[in-house]
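Have a look at the structure below, then the notes.
Each value in this text was obtained by applying a stated rule to the coordinates, not by laboratory testing. The structure presented is a predicted model; accordingly, all values stated were derived computationally and were not measured. So basically every Cβ, Gly included, is an ideal-geometry build from the backbone, and we count neighbours across all protein chains shown.
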Amino acid sequence: MNKTINQKAWYFVIPVFILVAFNAAIPLMTVVNYSFQETFGNNVFAWEGTRWFKQILLSERFHAALGRQIAFTFIILLIQIPLGIAIALTMPKKGWGVPVCLILMSMPLLIPWNVVGAMWNIFALPDIGFLGHSLNALGFDYNFTQQPGDAWFTTILMDVWHWTSLVVLLSYAGLNSIQPAYYQAAEIDGASRWATFRYIELPKMKKVLTLAILLRFMDSFMIYTEPFVLTGGGPGNTTAFLSIDLVKMALGQFDLGPAAAMSLIYFFIVLLVCWVFYNLMMKNEAQS
Amino acid sequence: MKKYKWLVPTLYIIFLMLPIYWLINMSFKTTTEIINTYSLWPQKFTTENYVKIFTDSTWYMGYVNSITYTVFNTFISVAAALPAAYAFSRYKFLGDKHLFFWLLTNRMAPPAVFALPFFQFYSSVNLFDTHIAVALSHCLFNIPLAVWILEGFMSAVPKELDETAYVDGYSFGRFFFKIFVPTIAAGIGITMFFCFMFSWVELLLAKTLTATAAKPIAATMTRTASTSGYELGLLAAAGTLTIIPGAIVIYFVKNYIAKGFAMGRV
């Protein structure tokens, strides 16, 4: 759409600007403030320069948490995106099945995150949970509270349970926006199912899929509540992702300086990846 | 192959429902039964967990608090986002692209980063432990989202609509509320749905910013669980009840969800 230049449009944006600035700028300044100083309580501060940043960037603890975080995000994207597309492709397109699918599939998205964690905790407990009990009855030695591999398996399964629906809903919407004429043309050309998917459905879903990947990346990279309730970051530190580690440092040990420095580094990483994504997305939009 | 297509969504839905069923199953058991016996359905069916929640004010007030700040937040977010989204969809102005990206960055900020400064900030302006504090703090991620979704819907409305209305002698205010808002009603509905959803499910900030007076249900759950041992039955019942508001909201917007996504924005 060709937009008119109108500087008065700023008046429309002011409420949003104030509300978000109120919430973002002031707390962010606090974090920046802490990240360069040492505090001794009672509002006594001493300038520390970039010491905390160096400390965090060189610490093995941070590297380990970052590594776990990247592995987790990578795995869930690898599972959720193809699975979401597959489910969207097989969903009914009309009839009573549509609202049933939409309502039931949206359910996990609207459950508070700590309830998701608690629910999966009692679902996966080896003695009283359905998942844990069944796996053990089948002969697997499964105990997510003690074995790191099982803890990872459970955390990933929980995230797949929680968020795949978002990818499904997005892909489904993308598929629905395809005109029937495209399918008819494909049929006349005798295109195979795969060719239809590859050359008609996938390109049409490009925009929503970029969005799905972006959202899933952001949210999985910031994941805190669900694994915290499910495993508490354990056993040991094996499922302590970045946010869990950060909160432990900030509120548990009250190491405000290092925690603030870590917050900024963390935020910067998310921002950087999203900026790249956002530019790609805008480029796509400009093309189409 | 086509014949078995229904299997994929069906299996997926079964997978989705299993943990929810397990939670509901547990909520009708006594804690002793949960710990001592493994059964697929309650052996001694009991509703005492639910009775406890509905008669104990620390429990049911948790629901009232959660719903209060969620509704506050939904209205604040949508009301503020409407004019802003209109500006972004219709006009070019100084710094518009930067502003839009800056808004989005706030959706990307890990809440864990903000937990402590939020606590200090809201305490210093005497808003700690109020519904409005939680509602305002959730604006951090809901306003960018609302602007983003609404901008998508508004851009889909041709500009000729605005121009025709002005030619017909409508003032901006009358045009906006009488014509434009009804045109994008579905979009506003979707936006409210997402704002409600993200405010309802968020816990880290809500828990950090409250102590007693505005404590959300989800926080009530974690605290009770840690103080009086682990009352699994009660926890399960409370968890089950948190699913209900979401389910009601989904039911109302079910026809719009797919349509809303189709506009290409979440």
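Relative contact order for segment A:67-167: 35 percent, from Cα pairs under 8 Å spaced at least 6 residues apart, divided by residue count.
Based on C-alpha pairs under 8 angstrom that are at least 6 apart in sequence, chain A has a relative contact order of 27 percent. Distance from the Cα centroid of segment A:199-228 to that of segment A:12-39 is 27 Å (rounded to whole angstrom). Sorted fewest first by neighbouring Cβ atoms within 10 angstrom, A:246, A:57 come out as A:57, A:246.
Taking the 0 to 90 degree range and rounding to the nearest ten, how far is the long axis of helix B:96-108 tilted relative to the main principal axis of chain B, both from C-alpha atoms? Between helix and principal axis, roughly 0 degrees. Cross-link reach is defined here as a Cα-Cα straight distance under 20 Å, omitting same-chain residues fewer than 8 places apart; for residue A:204 the aspartates and glutamates meeting it are A:187, A:189, A:285. Loop-located trypsin sites (Lys or Arg not before Pro) in segment A:11-115 (DSSP state not H, G, I, E or B) with no more than 15 neighbouring Cβ atoms inside 10 Å: A:93, A:94. Starting from the Cα gyration tensor of segment A:97-144, take the square roots of the eigenvalues, sort them a ≥ b ≥ c, and report rounded, prolate or oblate (rounded when a/c is under 1.5, otherwise prolate if a/b is larger than b/c, else oblate). In terms of gyration-tensor shape, oblate. Residues B:98, B:138, B:131, A:63 in ascending order of nearby Cβ atoms (within 10 Å, fewest first): B:98, A:63, B:131, B:138. GNM on chain A, C-alpha springs below 10 Å: top fluctuator among A:116, A:168, A:13? Of the options given, A:13 has the highest mean-square fluctuation.
With a ≥ b ≥ c taken as the square roots of the eigenvalues of the C-alpha gyration tensor of segment B:1-82, please select rounded if a/c is under 1.5 and otherwise prolate if a/b is larger than b/c or oblate if it is not? Because a/c hits 1.5 or more and a/b fails to exceed b/c, segment B:1-82 counts as oblate. Given +1 at the Cβ of Lys and Arg, -1 at the Cβ of Asp and Glu and no other charges, the dipole of the protein assembly as shown around its Cα centre is 1280 debye to the nearest 20. Dividing the mean sequence gap of close Cα pairs (under 8 Å, 6+ apart) by how many residues segment B:55-262 holds gives a relative contact order of 35 percent. Listing A:60, B:151 from fewest to most neighbouring C-beta atoms within 10 Å gives A:60, B:151.
Just checking the listed ones, B:90, B:107, B:174: in the Gaussian network model of chain B with Cα springs under 10 Å, the one fluctuating most is B:174.
In this calculation the C-beta distance from residue B:177 to residue A:282 is compared with R0 = 35 Å, giving a FRET efficiency of 0.65. Taking A:138, A:89, A:125 in turn, the Gaussian network model of chain A (Cα-Cα springs below 10 Å) assigns the largest fluctuation to A:138. Between the Cα long axis of helix A:113-124 and the first principal axis of chain A there is an angle of about 80°, rounded to the nearest 10. With K and R counted +1 and D and E -1, the other residues having a Cβ less than 13 Å from that of residue A:142 yield a net charge of -3. When the pairs A:207/A:283; A:8/B:159; A:283/B:92; A:54/B:207 are compared against a 21 Å limit on Cα-Cα distance, A:54/B:207 fall above it.
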